[in-house]
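The values are calculated or read from the model by the stated rules, or taken from the named source; none is laboratory data. These numbers were taken from a predicted model, which means no experiment stands behind them. Virtual Cβ from ideal backbone geometry, glycine too; neighbours counted across all protein chains shown. Just so you know, the surface numbers come from the protein's heavy atoms only, side chains and all, with ligands and any DNA or RNA stripped out. Shrake-Rupley method; radii C 1.70, N 1.55, O 1.52, S 1.80 Å.
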Amino acid sequence: MARNIQSLERAAAMLRLLAGGERRLGLSDIASSLGLAKGTAHGILRTLQQEGFVEQDDASGRYQLGAELLRLGTTYLDVHELRARALVWTDDLARSSGESVYLGVLHQQGVLIVHHVFRPDDSRQVLEIGAMQPLHSTALGKVLSAYDPVAHSEALEADRKAFTDRTVCDPDAFEHLLDLTRARGYAADVEETWEGVASVAAPIHDRRRMPVGAVGITGAVERLRRDGELRPELIAAVRDCARAVSRDLGAGRF
């Protein structure tokens, strides 16, 4: 059995102590509560402070939880609510489109898949929750890059790898794609990331009208296109799904 890392256990214990007790605690209080030497406790607190997980009051010298923990917690809650609100609508989209449905959010300069509904047939499929997709080539990524300023910056700063001969890597051409995405209200990926695969995605907004994710379908090019164009009924279904989830998140009508 793998051994736990003692310093991480102690750091976790400190965070729980600060979360459950008084608003602020001094070094001596923290060290004695956890049975640690002051030097050890101070070293861990200093590291947590550098990472933004703990803050020290300048006047009293006491410690409290930092803003970074709040940001991480809020991100978790947002993703949890997004997925919960999207469950019914993504199931409906999979049934109506006959394709796989993906729900993605911005994470570490890419798209994190937080929900995946299998294509409703008997084919062998692999669950891709937790998988990462690139921002610049996938439909989900282009939607996030078009509507989220942080994603936009990260997509432009990243090394835009050419996955196929259709991948758009030039920054000016990529910006044009994002303009087109905003004008149409959806993004497409036709063999830009995987040969023979096409995707359509649309943005999801929260009650503040801020982009919090994207939803899309992915399938074989021959199923998603008709006469060389993406099937308009599939585009409409994806956009309807995104609007429905946005409404459930309190965004109102788009």
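Once the dipole of the chain is set up with Lys and Arg at +1 and Asp and Glu at -1 on Cβ about the Cα centre, which of L106, G43, T138 lies farthest towards its positive end? Farthest towards the positive end: G43.
Among 199-208, 33-42, 174-183, sorting by the average number of other beta carbon atoms lying within 10 angstrom of each residue, highest first, gives 199-208, 174-183, 33-42. Once backbone amide H atoms are built at 1.01 Å from N, G66 has V54, E55 as its partners under 5 Å, excluding neighbours fewer than 5 places away on the same chain.
A Förster radius of 22 Å combined with the Cβ-Cβ distance from L34 to I5 puts the calculated FRET efficiency at roughly 0.90. Residues whose amide H lies under 5 Å from that of V190, counting only those 5 or more places away or on a different chain, are S199; hydrogens are built 1.01 Å from N in the peptide plane. Each peptide in 111-120, 184-193 was scored by the mean count of other Cβ atoms within 10 Å over its residues; highest first, the order is 184-193, 111-120.
Helix 67-97 axis versus longest C-alpha principal axis of the chain: approximately 30°, rounded to the nearest ten.
The 3J(HN,Hα) values that the Karplus relation (6.51, -1.76, 1.60; θ = phi - 60°) gives for region 232-246 are, in residue order, x, 5, 6, 4, 4, 5, 5, 5, 4, 4, 4, 5, 5, 5, 4 Hz. Gly and Pro appear as x. Taking the Cα centre of the chain as origin and assigning +1 to Lys and Arg Cβ atoms and -1 to Asp and Glu Cβ atoms, the resulting dipole is close to 840 debye. Note on region 100-174: with neighbouring protein chains present and a 1.4 Å probe, carbon and sulfur make up 49 percent of its accessible heavy-atom surface. Helical content alone sets the calculated 222 nm signal of the chain at -15000 deg cm²/dmol, taking -39,500 (n - 2.57) per DSSP H segment of four or more residues and averaging over every residue. When only alpha carbons are used to place a centre, region 159-209 and region 81-135 end up 17 Å from one another.
For region 37-48, 3J(HN,Hα) computed residue by residue from phi via the Karplus equation (6.51, -1.76, 1.60; θ = phi - 60°) reads 5, 4, x, 5, 4, 5, x, 5, 4, 4, 5, 4 Hz, glycine and proline entered as x.
With a ≥ b ≥ c taken as the square roots of the eigenvalues of the C-alpha gyration tensor of region 150-237, please select rounded if a/c is under 1.5 and otherwise prolate if a/b is larger than b/c or oblate if it is not? Oblate. Quick one: net charge around Y102, please, counting Lys, Arg +1 and Asp, Glu -1 for every other residue with C-beta under 14 Å from its C-beta. Net local charge, Y102 excluded: -1.
Selection among I204, A244, S153 by position relative to the dipole of region 144-254 gives A244 as farthest towards the positive end (Cβ unit charges, Cα centre).
Relative to the dominant Cα principal axis of the chain, helix 171-184 is inclined by about 80°. Between amide H atoms placed 1.01 Å from N, distances below 5 Å from H205 occur with V212, S246, all of them 5 or more places distant or on a separate chain.
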